[in-house]
Amino acid sequence: MRARALVATKSVEDWLASRENTSAIASVHKKSCNMINGSGRYLTLALAEVGPGPFTMIIEVENKGFNDFRGQIDAGTQVSFANNSLSIGELVIRTDQYVCWESFVDWSKFSRFTDHAWLSNLEHFVRANAPISSLAWLLFENYTNPYIDMARKGWLQLQYGLENHSIARVLEGVNHLAGLGIGLTPAGDDFLMGVIYGLWMNFNPSLANEWSLQVHRVAASQTTSLSAFWLEVAAEGQASKPWHDLFRAIYDMNQEDIRWSANSLGDYGHTSGYDALAGFLLASTSLMKANNIFD
C-alpha cells in the first residue's frame, strides 16, 4: 500500500532526517497513528481531515477507500527509512513532495493587544457546549464530583499564581493537574496546554517561554510521554491549526470565527478540546486581571 505526504512541519523534517532505527508505532487510532523514535520524539501520521499539527504529517493513501489506520498498522511495528520514503509494515509513504506548514504562532503581534471583548464570547461558547465531564465546569459552576474536586485545588493555585505573577504557586497548581485523568493525553494536561497558550498570548515571548518550559518540566514526569511531548511543543510556542485559527480570530476580533474555531477545538477527543479551552480562559482572564486590563 502506497501513500504520499501532503503537509508536514519542520519538526517532522527533523524527525525524518534523524533516521533512528529504533523508531516504532506507539499508538494507532482511526484517522491517525503516533510514531516515536529512540530520542522520545513523536511524529503523527494523519489523514487530511485531522488537519496540520506541530509534529503531524498529513498523508494521502493511494487506496481511495482507506479511512482507518486500525487493522492496517499495529502498535510496536518498526519504522524503516529509505531515500525519500518511510515504511511501516506494508505502508510505504513518499516524503519528498509535501508542503511545509508553519506550526509556530506569531505571538509578537499580541505584544500590545489589550482588547478583552473576545473573552465573554468564548466563555459563553464553552459554557453552552462543554461536556459535563470536562474540566471547563471548574470555571463556571459549583459542580462537584471526586474528579472535579481533585482538579479544583490545582486550578485555584494556578489562578492565584497567575494573578500574582508567582511562578512558584503556578507550579504548585501544575503538580495537582499534571497527569490527572485517563488516556494518552489526560484532561489535566490538556488544561495545562491551554494555560501555556494563555501565557504566550499575554506575556512577552521571553517570559512566556520561561514560564511555559517550567510548566512542561514539572508536568512531564507525571504524565504520558505523548502528553509530555504535546506540552513541550506548546511551551516552544507551537500549536495545531485550530489554535492558530482561534488566535487569528481573537486578534481580528471576529466573533463568528472565534466560535467556529472553538467548535473545531471542541471536536478534539471526548473533552480534550474543552479542557484546553478552559485552561486558556483561566490563564487569559487571570493575567489580564493582573495587568489591570479590565480596569
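The values are calculated or read from the model by the stated rules, or taken from the named source; none is laboratory data. Treat the numbers as computed from the prediction; the structure is a model and nothing was measured. Positions of Cβ are generated from backbone atoms using ideal geometry, with glycine treated the same way; all protein chains shown enter the neighbour counts. Just the protein is used for accessible areas: all its heavy atoms, side chains included, with ligands, DNA and RNA removed. Shrake-Rupley method; radii C 1.70, N 1.55, O 1.52, S 1.80 Å.
Annotations
- Residues considered: 75, 24. Of these, the only one that is open to solvent by 60 Å² or more (accessible area, probe 1.4 Å) and hydrophobic (A, V, I, L, M, F, W, C) is 75.
Quick grid of which residues meet (1) touching a strand residue (DSSP E or B) at 6+ places or on another chain (Cβ under 6 Å); (2) without any contact (Cβ under 8 Å) to a residue 60 or more places away in the chain; (3) open to solvent by 30 Å² or more (accessible area, probe 1.4 Å); (4) not in a strand (DSSP E or B):
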| residue | (1), (2), (3), (4) |
| --- | --- |
| 57 | yes, yes, no, no |
| 60 | yes, yes, yes, no |
| 67 | no, yes, yes, yes |
| 93 | yes, no, no, no |
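- Residue in region 229-244 that is closer than 22 Å to residue 148 by Cα and either at pLDDT 95 or above or surrounded by fewer than 16 Cβ atoms within 10 Å (Cβ to Cβ) (or both) present: yes
- Region 271-285 residues that are over 17 Å from residue 128 (Cα atoms), paired with ones that are outside any helix (DSSP H, G or I) and of a type outside the set (Phe, Trp, Tyr) (beta carbon under 9 Å, 6 or more apart): 284/116; 285/116
- Scope region 245-258; condition in a helix (DSSP H, G or I), surrounded by fewer than 18 Cβ atoms within 10 Å (Cβ to Cβ) and either out of contact with any helix residue (DSSP H, G or I) (no Cβ under 7 Å at 6 or more places or on another chain) or in contact (Cβ under 8 Å) with a residue 60 or more places away in the chain (or both); matching residues: 248, 251, 252, 255, 256
- Residue satisfying all of: in region 48-58; of a type in the set (Val, Ile, Thr) and at pLDDT 95 or above; farthest from residue 243 (Cα to Cα) among these: 58
- Helices (runs of 4 or more DSSP H) (entirely within region 117-207) containing at least 1 residues that are among the aromatic types (Phe, Trp, Tyr) and within 30 Å of residue 26 (Cβ to Cβ): 146-163, 187-202
- Looking across 106, 115, one residue alone is free of Cβ contacts under 8 Å to residues at least 24 places away in the same chain, charged (D, E, K, R) and loosely packed, with under 14 Cβ neighbours inside 10 Å. It is 106.
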